[in-house]
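In what follows, a structure is listed as structure tokens, so that the remarks can point back to it.
All of the numbers you see were taken from the coordinates with simple rules; none came from a lab. Predicted, not measured: the structure shown is a model, and the values here were computed from it. With ideal geometry, Cβ positions are generated from the backbone for all residues, glycine too; neighbour counts draw on all protein chains shown.
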Amino acid sequence: MNNIEEIKQKIKNKRGIYQKTKTSPSYKVLYIFLIKTLILLLIGLSILIFIKKDESNKQILYNTVFEENISFSKIKGIYNKYLGGIMPFDNIMKMEVPVFKEQLKYKSIHKYKDGVSLIVEEKYLIPVKQDGIVTFIGQKEGYNKTVIVESEDVEIWYGNLDNVSVSLYDYVSKGTFLGDTIDDRLFLVFKKDGKIVDYKKYI
């Protein structure tokens with residue numbers, strides 16, 4: 001009789017361990033991660049099927065992503081709203097990113113092309129104005145080497161750069177060190193939905 005009771009107790013204990021494991025925070029984190037991974041795989045497969053179905057679809061995709069003004073920040077916002085962060089362990093695996101504490105300082109400001117030219121110190125160290133995603137690094141006519149950072153409400157061009165300390169598609173926080181200027185000029189352009197907006201709201 002005692003043996004039967006012991007066996008029953010062992011079965012209960014095993015069930016209890018299984019239930020705890022199933023409802024534990026780590027189990028939930030893994031479950032959420034797997035769901036998000038499956039969703040991303042489905043999106044990727046859908047894009048591949050779309051391209052394979054018709055050769056013209058490849059050009060449509062290229063034009064949409066590379067030619068038109070795609071808002072990466074809006075895409076990120078939608079993803080975060082419905083699926084949370086890219087990784088479910090953000091708080092656990094969070095890495096400290098060095099932030100440049102300098103505020104944007106300049107001696108004078110002048111209208112320049114589609115934006116403004118700030119007179120700054122020689123080889124001025126540039127802080128990022130707003131949180132956002134780096135969507136472009138390269139040459140822009142009249143602006144020299146340029147970095148474009150797209151935030152939720154505005155796209156900012158930082159022109160006349162020499163050395164750049166960020167990479168394409170980096171997510172940068174306000175105050176992050178972006179790079180330095182070639183000389184004593186920093187060109188800034190502010191765009192929203194592909195249109196030039198007044199710089200006074202952002203400087």
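Things worth noting here:
- In terms of the mean number of neighbouring beta-carbon atoms within 10 Å, the peptides 142-149, 153-160 order highest first as 153-160, 142-149.
- In nm, spacing of pseudo-spin labels at E102 and F136 (7 Å Cα→C-beta vector): 2.4 nm
- FRET efficiency for S46 and S173, using Cβ-Cβ distance with R0 set to 45 Å, rounded to 0.05: 0.90
- Packing, taken as the mean count of other beta carbons within 10 Å per residue, orders the peptides 114-123, 182-191 from highest to lowest as 182-191, 114-123.
- Among the listed pairs K53/K195; K123/K174; K52/K191, those beyond 32 Å (Cα-Cα): K53/K195; K52/K191
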